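Enquirer: A single structure is presented below for examination.
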Amino acid sequence: NWGESQMKKIKLSTAFAVATTLAAPVHAGQCGYDFCWGAVAFNSMTGAYGYAHSYFSEGEAASAAQQGCGYNCPEVKTFYNQCGAAAVGVTGGFGWGFGLTQYEAENVALSYCYNYDDGCQVLVWSCSP
């Protein structure tokens, strides 16, 4: 029956479209104006860190990152619709980075860190959303 065959094809196409849409990665910038603030916080001397993502306001994101750090992080950076990262070197030098992906943010943070220190490693990152 032609109608039944076509209905099966439509159902399979719809199921495939829904499955691929749900499985597609979400990139920073796709959240519109809801839950888009994030933050990273750290203490280069103690190694303490915190992070936050998907907050309505910049202040809420910064506060959540500080809370995750035990309120012991003098360095806090916020970001909107993107990713943020912090890298720290062996003597406490550090760098911040922001980008559309985790990879991009980490690379920028490492690049800045190496301007001030050696042995830099990413300490914390977050993406919002």
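The values are calculated or read from the model by the stated rules, or taken from the named source; none is laboratory data. Quantities reported herein were computed from a predicted structural model and do not represent experimental measurements. Note that we place each Cβ from the backbone using ideal geometry, even for glycine, and neighbour counts take in every protein chain shown. These area figures cover heavy atoms from the full protein model, side chains too; ligands, DNA and RNA do not enter into them. Shrake-Rupley method; radii C 1.70, N 1.55, O 1.52, S 1.80 Å.
Enquirer: May I ask you to list pairs of residues, at least six apart or on different chains, whose Cβ atoms are under 6 Å apart, with the first in the stretch 50-72 being closer than 13 Å to SER126 by Cα and the second being modelled with pLDDT under 90?
Expert: Close Cβ pairs (under 6 Å, with a partner that is modelled with pLDDT under 90) amount to HIS53/SER128; SER54/PHE35; SER54/SER128; SER54/PRO129.
Enquirer: Within the stretch 95-118, identify whether any single residue is open to solvent by 30 Å² or more (accessible area, probe 1.4 Å), within 14 Å of THR46 (Cα to Cα) and not in a helix (DSSP H, G or I), and answer yes or no.
Expert: The answer is no; no qualifying residue exists.
Enquirer: Moving on to the next point. Considering only the stretch 37-49, how many residues are closer than 16 Å to LEU123 by Cα and either open to solvent by 40 Å² or more (accessible area, probe 1.4 Å) or in a loop (DSSP other than H, G, I, E, B) (or both)?
Expert: 7
Enquirer: While we're looking at this one, here's another question. Which numbered condition trips up TYR114, out of (1) closer than 19 Å to ALA39 by Cβ; (2) over 15 Å from the mean Cα position of the chain (by Cα); (3) of a type in the set (Ser, Thr, Tyr)?
Expert: Checking TYR114 against (1) closer than 19 Å to ALA39 by Cβ; (2) over 15 Å from the mean Cα position of the chain (by Cα); (3) of a type in the set (Ser, Thr, Tyr), the one that fails is (1).
Enquirer: Spot the failing condition for GLN67; the list is (1) at pLDDT 95 or above; (2) within 16 Å of the chain's Cα centre (by Cα), and only one is missed.
Expert: In the conditions (1) at pLDDT 95 or above; (2) within 16 Å of the chain's Cα centre (by Cα), GLN67 misses (2) alone.
Enquirer: Consider the stretch 79-93. How many of its residues are open to solvent by 40 Å² or more (accessible area, probe 1.4 Å) and either outside any loop (DSSP other than H, G, I, E, B) or aliphatic (A, V, I, L, M) (or both)?
Expert: Final tally of qualifying residues: 2.
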